[in-house]
Structures are given as C-alpha cells and as structure tokens.
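The values are calculated or read from the model by the stated rules, or taken from the named source; none is laboratory data. Owing to the predicted nature of the structure, the values given are computational and were not obtained by experimental measurement. Quick reminder, even Gly has a Cβ in these numbers, built from the backbone with ideal geometry, and neighbours come from all protein chains shown.
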C-alpha cells in the first residue's frame, strides 16, 4: 500500500507541479515572445509567434500528463493520426484559414493598428490570429474575419501610406468669379496646417452644367488636398466647414459634397 501510494503520490506531485507551474510558464513565454517579435519584426509576427508558442506548449503539457497516467503516447499519436485525417476532412476550412494566415504573414498587407476595408467591413485591426483577423469597426463593434476570406477578397488598407488625399466638389452660381473663388479656396487650405503643401493642392473647374432639375447653370469646382493619414478621418469635415465659413462671408450660395 505504501509503495502504491508513493508511486501514485509521486506522479500526482509531478503532475501538480507541471500544471500549476507549466501553464503560467507557457503564458509568460508566449507573452515575452510576442513582445520581442513585435518590437523586432512587427505586431503581426509577434501575435502569430505568441499563439504558436502558447498552443504548442499546451499540447506538450497534455502529452506529458497522458504519459504520466500510463497511456502509450506513441499508440495514441498513431490513433490520433488516423482520427486526425477524418477530422481534417471535416475541418478543411480551419486548415485553409491557418494556411491563409501564414500567407498573410509573408505578404504583410496590413499590421495591427491599421484601418482596413474587407468586403463591407471597415475598422481597426486589433488582432491577427491563426484562424482569423479581429477588426474593431468605426462604431465600436468587433468583427471576426476568417483569414481565408481576407486573402481571397479585395482588401483596402486605408492607412498603409503616410499621406492620403481628401477631395470635395463645390457647386457655385455661374456668375461667380473663377479667380476670386480659386484664391479663396487656396487661402482656406494654406491657413490650416492640417492640409499639406506637398503634394500641391488642386483647385480646378470640374464642369459647367445645370444642377439636377434646376434651370440655373452652375460652376462645379473640384478641390483636392493631402493630409497625414492619422488626420484623414477629420480632414474632410474640417475642409468643408472652413470653406462654408468663407463662402458665407461672401454671401455665396454653394453646395459642398465630399468625393469618396
């Protein structure tokens, strides 16, 4: 009885130490590797390496626990191989998402923190996991995009480049003086540091035509300015607000619309 107790008591002690110390150690190693790889390479690679380390460590702990209970791990792995083939056919989508995740890692079309548009989803990339990309939309909803879908469909990275262009269309009465209007618009752009001077802002006549069902002929100006990407979301509103303020001073009836 004492021998049996010592045998199983020793196994129980080893298992307790393995579980109570091993799992926190795995979490710590995963955290450290995630931070290190994120600083050395990118947040994308850091998250992926951290996940692989965490799940790989858990598998190691599970195999060790089974071995301590006396299971033939080799036989179990053989059976798991046959079982895994059956599961593989039933879970092709998961494997496809994992493979797609590695392709996204190699291609790196976006990183954590970027704003992307995939199908009708637009938002900040919060995490890139083995199976999916987690996106926080502009109205603060979490959307999970399977890696395979992200890889197959057209993807727009709205923050990939450091600067972006803002564009709007202005409609004025035909009697308006072109030179005066052009100077007014340029003055609005130059006076605000939000708008960049390089590339050079563009103010041109887009067309001269009737507006919808109105009989009045109107001038249509296209205004294009460049801003830093981190200011892109507010830039269009600021431009339209300041243009309206200046046109109101001149008592000009205008319509201003952003161009997507």
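Taken as a whole, the structure places residue 180 among residues that are loosely packed, with under 15 Cβ neighbours inside 10 Å, at negative phi and not in a loop (DSSP other than H, G, I, E, B). Kindly provide the set of residues from the stretch 147-177 that are out of contact with any helix residue (DSSP H, G or I) (no Cβ under 8 Å at 6 or more places or on another chain) and in a loop (DSSP other than H, G, I, E, B), ordered by number. Matches in the stretch 147-177: 153, 154, 160, 174, 175, 176, 177.
All of 185, 240, 189 fail the test of being in contact with a helix residue (DSSP H, G or I) (Cβ under 7 Å, 6 or more places away or on another chain) and at pLDDT 90 or above, apart from 185.
Consider residue 171 carefully, then state whether it is crowded, with 17+ Cβ neighbours inside 10 Å and at pLDDT below 90. Criteria met by residue 171. Can we say residue 182 is free of Cβ contacts under 8 Å to residues at least 40 places away in the same chain and in contact with a strand residue (DSSP E or B) (Cβ under 9 Å, 6 or more places away or on another chain)? Criteria met by residue 182.
Just for the stretch 232-260: of the residues that are buried (at least 16 other Cβ atoms within 10 Å of the Cβ) and farther than 20 Å from residue 205 by Cα, which one is farthest from the chain's Cα centre (by Cα)? If we take residues in the stretch 232-260 being buried (at least 16 other Cβ atoms within 10 Å of the Cβ) and farther than 20 Å from residue 205 by Cα, then 238 is farthest from the chain's Cα centre (by Cα).
Residues are listed down the side, and each one gets a yes or a no for (1) in contact (Cβ under 8 Å) with a residue 12 or more places away in the chain; (2) closer than 30 Å to residue 138 by Cβ:
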position	(1), (2)
192	yes, yes
198	yes, yes
202	yes, yes
221	yes, yes
225	yes, yes
237	no, yes
246	yes, yes
251	no, no
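In the stretch 120-131, of all residues being farther than 14 Å from residue 103 by Cβ and under 13 Å from the mean Cα position of the chain (by Cα), the one that is surrounded by the fewest Cβ atoms within 10 Å (Cβ to Cβ) corresponds to 126.
Residue check: residue 199 meets all listed conditions (1) at pLDDT below 90; (2) more than 27 Å from residue 119 (Cβ to Cβ) but one, namely (1).
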